[in-house]
Amino acid sequence: MISILLIGTCDTKADEILFLKSRLEEHGARAVIMDVGVLGTPPFPPDYSNHQVAAETGMTVADIVALGDESAAMSKMSEGAAKLAGRLSAESRVHGMLALGGTMGTDLALEVACALPLGLPKVIVSTIAFSPLIPPERIPADLMMMSWPGGLHGLNHLCRSVLSQAAGAAAGAACAGAGLENGRPIVAITSLGKSCLSYMVRLKPELERRGYDVMVFHSTGMGGRAFESLAQRGHFAAVLDLCLQELSNELAGSVVTAGASRLEAAGRAGIPQIIAPGATDMVDFPAWKGAPERHREQPLHAHNRLIASTTTGVADRARLARVIGEKLALAKGSVRIILPLRGIEQWDRPGEPLHDPEGLTAFIGALRKSVRMPAELVEIDAHINDPAFSDEVLKIFDQWASRGIIPPGQP
């Protein structure tokens, strides 16, 4: 039977949790209840008590209450809940997560969701769903959130409707979800849409023909989070991390970010990496807000009504090159950086709105100085969207496959 980890404060949300439990059971799923409350005694026995959650931190519930601060107490319970949930998932004792709460419960639920693997369904019913109070780096790439109107102090018609939908979403996703394993080694490619970066149009079918399952991640924040999460857990045979724009966004303070640890997980896991600085000359921002003050004098490309981009300055590009070099120097596996000397995204070609030869020259010079072992730099006299770039990627890939650095593909 599919088991859904149901998380909440059983002392204050007992009615809601028991209602969710009944709805999960109606959908053929078992509810595994984890109590994360510290204020009182629940009116029913949860599967995992708040004492068990607290013990994961090396403390008792009394110790946590004695902290005398509700934020500190919930932070400790978040730590314990994340550790316990991670172990339950690793042991295949739960197949999905459903949590509910206000700001406190949401804070804890996000911590737990980030501790669970990508692909395990995660549903949070929250009074602050999609709120700007939630920073992007705390949102797992596959999280589902539902707004919880009328979600304080007991059940009502609206609350029952929302909770019923949430139970159906969690149970349905867990029952219908397929695992990541398909028998073929997985190769990950990072990119943007083909109007900006088009190399994956050739690379994907070529790699599939070689017997690999290819996953292309959209480098607009959540795609990079998913990419890093799977790399951290060792799901990839190789990565073609050819679009590092999320790293450029992170350094510029953009909200379109995959977090400060972008470009680190594959290296720590020893996964072979073919790297290129695709689209690192751009900084993204919400088109409906207008360009940030420090970028308002830069050339601009409005991609659509949601996202627009400006170019970065010479100093920003030099800093980015240093960061790329520092991150890749920590890698435990093979690293090859391909540097296309004629441009790194479609809109930087001559005549396009983001063409900036001075900035590209500055970046190239800084990257040459920043790269150090185990990374090796390969320069090609081509644009990143030219066939010569894809040819070089495949050449390196095939060399590594023939030497056993990358496992062989499967028919």
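Derivation of every value follows stated rules applied to the coordinates shown; laboratory data play no part. Note that the structure is predicted; figures quoted are calculated from it, not measured. Cβ: placed from backbone, ideal geometry, glycine included. Neighbour counts: every protein chain shown.
For region 278-314 versus region 3-60, the spacing of their alpha-carbon centroids is 45 Å. Dividing the mean sequence gap of close Cα pairs (under 8 Å, 6+ apart) by how many residues the chain holds gives a relative contact order of 12 percent.
A simple spin-label model places the labels of Ser147 and Lys369 5.1 nm from each other, with each point 7 Å out along Cα-to-Cβ. Compare Val123, Val314, Val112 in a GNM of the chain, Cα atoms joined below 10 Å, and give the one with the largest fluctuation. In this elastic network of the chain, the residue with the biggest mean-square fluctuation among Val123, Val314, Val112 is Val314. Using a Gaussian network model of the chain in which every pair of alpha carbons under 10 angstrom is joined by a spring, one finds that among Lys13, Lys122, Lys194 the greatest mean-square fluctuation is at Lys194. Residues whose amide H comes within less than 5 Å of that of Val125, counting only those at least five positions distant or on another chain, are Ala99, Leu100, Gly101, Met146 (H built at 1.01 Å from N in the peptide plane).
When we measure straight from the Cα of Lys395, which aspartates and glutamates land under 12 angstrom away, once same-chain ones fewer than 8 places off are left out? Correct list for Lys395: Glu206.
Relative contact order for region 3-176: what is it in percent, counting Cα pairs under 8 Å that are at least 6 residues apart?
Details: 315 pairs, mean separation 41.2, N = 174.
Relative contact order here is 24 percent.
Partner lysines whose Cα lies under 18 Å from the Cα of Lys194, excluding those fewer than 8 positions away in the same chain, are identified as Lys204.
Straight Cα distances below 30 angstrom link Lys83 to the lysines Lys13, Lys21, Lys122, Lys327, Lys332, with same-chain residues fewer than 8 positions distant left out.
Across region 338-351, computed HN-Hα scalar couplings (Karplus, 6.51 cos²θ - 1.76 cosθ + 1.60, θ = phi - 60°) run 9, 10, x, 7, 9, x, 10, 5, 4, 7, 9, 5, x, x Hz from first to last residue, x flagging Gly and Pro. The H on the amide N of Leu339, modeled in the peptide plane, is under 5 Å from the matching H of Val378, Glu379, Ile380, each at least 5 residues off or on a different chain. Scanning the chain for GluC sites (Glu not before Pro) that sit in a DSSP loop and have at most 12 other Cβ atoms within 10 Å, the longest stretch containing none of them is 182-296.
For His153, His303, His235, which order do you get if you count the other beta carbons within 10 Å of each Cβ and list the fewest first? Intermediate results must be reported in sequence, preceding the final value.
Details: His153 10, His303 16, His235 19.
Going from sparsest to densest Cβ surroundings: His153, His303, His235.
Our coupling estimate for region 156-161, obtained by passing each phi through the Karplus curve with A = 6.51, B = -1.76, C = 1.60 and θ = phi - 60°, is 8, 4, 5, 4, 4, 4 Hz, Gly and Pro reported as x. With contacts taken as Cα pairs under 8 Å and at least 6 residues apart, region 93-166 reaches a relative contact order of 29 percent.
Return the calculated 222 nm mean residue ellipticity for the chain, to the nearest 500 deg cm²/dmol, obtained by summing -39500 (n - 2.57) across DSSP H runs with n ≥ 4 and dividing by the residue count.
Details: 13 runs with 156 residues, N = 411.
Calculated mean residue ellipticity at 222 nm is -12000 deg cm²/dmol.
Consider the candidate values (i) 20.8; (ii) 22.1; (iii) 23.1; state which one is Kirkwood radius over Cα pairs in Å computed from the structure displayed. Answer by label: (iii).
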